[in-house]
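Below: the structure, in structure tokens.
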Amino acid sequence: MKTVIIGSGNVAYHLAKAFTQNNIKVHQIYGRNEIELSKISSEFNIPYSNENLEEAELYIIAVSDSAVENISELINNENALVAHTSGSLPKEILKGNYRKASFYPLQTFSKTKNLDYSKIPFFIEAEDQIDEKSLFELATIISDNVEVSTYEKRKYIHLTAVFACNFVNHLFARAKEISDSQDLNFNYFLPLINETVEKIHHLDPKLAQTGPAARGDERVLKLHEELIKNEEQLNIYKTLNESIKKMYQ
């Protein structure tokens, strides 16, 4: 299908890269940020525009959730298939008389970090089986892990991803605040972080839990609370420890 990617952020960049690496032609990348569009265009040899949206058979909207609805109104081709990449929005958010779908890659994307696209799960939803099959086949060119999914299932996939990725990364950032405040090299903690993640490839996360809250060590918990001077850090510490204690009571 003649394909246009709409967006210039992390997801749009990586889809353009994944498509290009797998010899899937992208006919245009369209968006508002000309600087970022030009970078993607230059790197992957894809024509770009921030003014004229090209006619296509497939439009993939890879923009922030808050922008999906407005961007979708720019597409006037009633014969097109339009898919957004959001994990939290229904396909019905797309406004137009075209065929609607979702094309959701379950991954955290940063432009400066290379990814093995073959390992990224893709979740496909479409209004009819023909479009579902087309998107499924497109995703399987990129990934070895593609599934058809309803919106109800995808909502919970995205919620789980926020806990497993966004919250965890926020804790890394908070941990680095503490290490920086005491002139500790954050690299000390990378083997610990790596082992924590590696362990849940082999153990249920509940069985892998260690630490003072899981073992009910109130002396250490109290010591840590006394050390924390930042109110936000202290609130996080107390809230998470209460959650851990309840899970292991």
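The values are calculated or read from the model by the stated rules, or taken from the named source; none is laboratory data. Bear in mind that the values here come from a model prediction, so they are computed numbers and not experimental data. Cβ atoms come from the backbone with ideal geometry, glycine included; neighbour counts cover every protein chain shown. Quick note on the areas: whole protein, heavy atoms, side chains included, nothing else; ligands and nucleic acids left out. Shrake-Rupley method; radii C 1.70, N 1.55, O 1.52, S 1.80 Å.
Some points to look at:
- Residues in region 11-36 that are surrounded by fewer than 17 Cβ atoms within 10 Å (Cβ to Cβ) and out of contact with any strand residue (DSSP E or B) (no Cβ under 9 Å at 6 or more places or on another chain): T20, Q21, N22, N23, R32, N33, I35.
- E43 vs. criteria over 20 Å from D131 (Cα atoms), among the charged types (D, E, K, R) and surrounded by 19 or more Cβ atoms within 10 Å (Cβ to Cβ): no
- Among the residues of region 214-235, the one identified as over 21 Å from K176 (Cβ atoms) and within 31 Å of the chain's Cα centre (by Cα) is A214.
- Residue list for region 214-233, filter: in a helix (DSSP H, G or I) and open to solvent by less than 40 Å² (accessible area, probe 1.4 Å): A214, V220, L221, Q233
- Check on A83, within 27 Å of N52 (Cβ to Cβ) and surrounded by 14 or more Cβ atoms within 10 Å (Cβ to Cβ): yes
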